[in-house]
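The block underneath contains the structure these notes are about, expressed in structure tokens.
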Amino acid sequence: MRDDRVQVLAEVLIIGSYLPIVGRMARRRPGTLFPIEVDILESGLALQASEGSFYGFALAKHLSSRDGSALTSHGTLYKALSRMAESGILDASWEDPASAESEGRPRRRLYMVTAEGSRALVKAQAETPRTEASVPRIAQAGVTFA
Amino acid sequence: MSVLTSTSYHHAVSRVSRWCSWYTRDVDVEVAATRRDELASDFYEHAIWADESGTTPRAAAREILGRAVRGAPADLTWRHAQRRKVALADPTRFRRLRIEEAVSSLVLVAASAVLGWGLFVLTRIVLSTIGEQIRPGSATAVTIASFTALAACGLVLLLRRRTRVGGALIMVLPSFGLVHFGLYQLYSLSTTVGALTFTMPGWELASNSLIVGLGMFFTAAAIWWWPEHRTTPADTSTRLKTIGEMTR
């Protein structure tokens, strides 16, 4: 009984220790997208239309070719992709190892924009008219806040 | 020369992979493996694209390193978020990790302070030798230099998980040597230390307590980190057999 109380107290202390950090972090309103997520969904849908799915480096190339910027940094790109896959706006799966092996390269993690992702993109585009001057290009700076 | 086979590309990949191994440590094994595999694919695709677009191996390596550097803040916040998830799933394990980190930090701070003290005393000795206040190469100066070198070795060993037990044990010696001989040397070089020795009644007790305290602290750290000895089934059965024979 006493051990249980100690355990609960320890859990409360540990979770509580995160609260100041969580409080400082920019929080996303439910159903909204970060600028980089909008970029990823737009590029992802374009790649998906031609290739069926897309992978990290193909996405970085596409994002770079759209505005002539440098390739998106590893940290920003893969952090955003994993977050989007977790929230269900992207569907992620590993490529069949046999096909990667036949081409003599490491297997790719393939992504597809889900129906929920498409809806979120349409909503984001309707809510914020994206102009070059008004949209902060967080992706180019290599930093996200989630 | 192809980018994939170039040395500069391999160096860049090796550096970014090391960085990846660092920030994925203590993260869920599967999540960490996904990040590593995804990066491995990215490196390969980058090299192929660089070859196709006529980018030199050096430029491709610079691009890879640049992408890693620009993404480092995002990597760290990702790591923090992943560890938070682990904490919420298993608070007890995470508490152990935090205690471990706190112990490591305290030992490193103490070891750095001992080394810093040694370097300070050495600097005073060098300045006094230049000012011809003391003769060069005195036995005390050589002893302090040796203990400072030992403290530096101890600090280096403390930085690696595998060698930190040895590092903590080694730090016991310079803790004694640098405080004892350092104060002895400063007695003749520093007006402050000289005045404190005469005016402060508990000066010797304080310095001896510091030596004993540091020695016990580093010994305790070595015991804390000492590799666990797991009792093998064979050991247990032998012990049970012996107890059984004793009771008969």
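Find the relative contact order for the stretch B:94-225 and round it to a whole percent, using C-alpha pairs within less than 8 Å whose residues are 6+ positions apart.
Here the relative contact order equals 27 percent.
State the percent of C-alpha pairs, over all pairs in the stretch B:137-176, separated by a distance greater than 17 angstrom.
Distances greater than 17 Å cover 31 percent of the Cα pairs.
Please work out the C-alpha center-to-center distance from the stretch B:30-68 to the stretch A:40-118 and express it in whole Å.
14
Less than 17 Å apart at the alpha-carbon level, and either on another chain or at least 8 residues along: which aspartates and glutamates does that give for residue A:123?
Within reach: A:37, A:39, A:42.
Would you work out the charge dipole size for the stretch B:60-215 about its Cα centre, treating the Cβ of every Lys and Arg as +1 and the Cβ of every Asp and Glu as -1, and quote it to the nearest 20 debye?
The calculation lands at about 1040 debye.
Between B:220, B:152, B:33, where does the largest GNM mean-square fluctuation fall for chain B, given springs only between Cα atoms within less than 10 Å?
Evaluated over chain B, the most mobile residue of the options is B:33.
Please give the net charge around residue B:183, taking every other residue with its beta carbon less than 15 angstrom from that of residue B:183, where Lys and Arg add +1 and Asp and Glu add -1.
Details: positive: B:124; negative: B:204.
Net local charge, residue B:183 excluded: 0.
Quick one, what does Rg over Rh come out to for the stretch A:29-141 if you take C-alpha atoms and the Kirkwood Rh? Write down the numbers at each step before the final one.
Working: Rg = 14.3 Å, Rh = 14.7 Å.
With Rg and the Kirkwood Rh in hand, the quotient comes to 0.98.
Please pull out the direction-averaged projected area of chain B, using the convex hull of its alpha-carbon atoms, in nm² to one decimal place.
So the mean shadow area of the Cα hull is 24.7 nm².
Might you report the magnitude of the Cβ-based charge dipole of the stretch B:7-89 about its Cα centre, with Lys and Arg at +1 and Asp and Glu at -1, to the nearest 20 debye? Present the calculation step by step, with values, prior to reporting the outcome.
Working: 13 positive and 11 negative charges, 104 e Å.
Rounded to the nearest 20 debye, it is 500 debye.
In whole Hz, what ³J(HN,Hα) sequence does the stretch B:129-137 give by Karplus (6.51, -1.76, 1.60; θ = phi - 60°), x for Gly and Pro?
5, 4, x, 6, 7, 10, 7, x, x
Which residue, chosen from B:166, B:57, B:122, occupies the Cα position most advanced towards the positive end of the dipole of chain B, where the dipole is computed from +1 (Lys, Arg) and -1 (Asp, Glu) charges on Cβ about the Cα centre?
B:166
Please grab the % of Cα pairs in the stretch B:106-225 that end up more than 17 Å from each other.
Value for the stretch B:106-225 (Cα pairs over 17 Å): 55 percent.
Can you put B:125, B:99, A:40, B:48 in order, fewest other beta carbons within 10 Å first?
Placing the least packed residue first, the sequence is B:99, B:48, B:125, A:40.
Kindly provide the Kirkwood hydrodynamic radius of the stretch B:7-89 in Å, to one decimal, from all pairs of distinct alpha carbon atoms. Could the numbers behind the result be given before it?
Working: mean 1/r = 0.0737 Å⁻¹.
Answer for the stretch B:7-89: a Kirkwood hydrodynamic radius of 13.6 Å.
Sort A:112, B:200 so the one with the fewest other Cβ atoms within 10 Å of its own Cβ comes first.
B:200, A:112
Could you put A:78, B:187, A:55 in order, starting from the residue whose Cβ has the fewest other Cβ atoms within 10 Å?
B:187, A:55, A:78
If I build a Gaussian network model for chain B, linking alpha-carbon pairs within less than 10 angstrom, which residue out of B:112, B:53, B:207 has the largest mean-square fluctuation?
Between B:112, B:53, B:207, it is B:53 that shows the largest mean-square fluctuation.
Every number here is computed from the coordinates shown, using simple stated rules; none is lab data. Just so it is clear, the model here is predicted, and its values are computed rather than measured. We place every Cβ from the backbone using ideal geometry, glycine too, and count neighbours over all the protein chains shown.
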